[in-house]
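Chemist: Got a structure here, written out as structure tokens. Questions coming.
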Amino acid sequence: MFQATGATSPAPAHEAKSSSGGSTVQRSKSFSLKAQVKEMCTACQKAVYPMERLVADKFVFHSSCFCCKHCHTKLSLGSYAALHGEFYCKPHFQQLFKSKGNYDEGFGRKQHKELWVHKEVESGPKSA
């Protein structure tokens with residue numbers, strides 16, 4: 001057995017002395033007593049704990065809150081499609097696209113080509 005002889009060195013800052021004798025308890029360097037910032041669910045605005053955390057397109061959800069906007073079916077990371085921060089199941093995403101033939105009108109947004117018309121009107125007709 002190995003026995004330490006001589007003077008003992010002072011304990012490092014990450015070690016804490018216990019009340020019984022001079023034994024030391026070493027804490028993990030990654031352990032922090034600071035209060036961690038709680039993440040909020042994008043859908044319900046409640047705290048999300050690590051076991052129920054789901055991240056899709058940089059948005060944090062409870063796994064039970066990650067649902068299709070159209071039919072409210074629970075989604076998984078392999079069964080969703082996203083457009084403008086809104087999440088859909090793949091069948092409804094295709095259905096809404098096919099109903100109007102474009103993403104903007106099918107999903108209730110202003111058609112992108114209308115933005116071009118407004119710019120042409122403001123600048124006026126170009127003459128040569």
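The values are calculated or read from the model by the stated rules, or taken from the named source; none is laboratory data. Computed from a predicted model, the values in this text were never measured in an experiment. FYI the Cβ positions are ideal-geometry reconstructions off the backbone, even for glycines, and counts take in every protein chain you see. Just the protein is used for accessible areas: all its heavy atoms, side chains included, with ligands, DNA and RNA removed. Shrake-Rupley method; radii C 1.70, N 1.55, O 1.52, S 1.80 Å.
Chemist: Are there any pairs with C-beta distances below 6 angstrom linking a residue in segment 63-76 that is farther than 20 Å from Met40 by Cβ to a residue that is assigned to a strand (DSSP E or B), with the two at least 6 apart or on different chains, and if so which?
Modeler: What qualifies is Cys68/Tyr88; Cys68/Cys89; His70/Tyr88; Thr73/Cys89.
Chemist: Across segment 51-76, what is the total count of residues that are surrounded by fewer than 17 Cβ atoms within 10 Å (Cβ to Cβ) and closer than 25 Å to Val37 by Cα?
Modeler: Number satisfying all stated conditions: 11.
Chemist: Restricting attention to segment 77-92, which residues are over 17 Å from Gln45 (Cα atoms), open to solvent by 30 Å² or more (accessible area, probe 1.4 Å) and not aliphatic (A, V, I, L, M)? Steps first, please.
Modeler: Of all residues in segment 77-92, those over 17 Å from Gln45 (Cα atoms) come to 77-84, 88-92.
Filter once more, keeping what is open to solvent by 30 Å² or more (accessible area, probe 1.4 Å): 77-80, 82-84, 90-92.
Of everything in segment 77-92, those that are over 17 Å from Gln45 (Cα atoms), open to solvent by 30 Å² or more (accessible area, probe 1.4 Å) and not aliphatic (A, V, I, L, M) turn out to be Gly78, Ser79, Tyr80, His84, Lys90, Pro91, His92.
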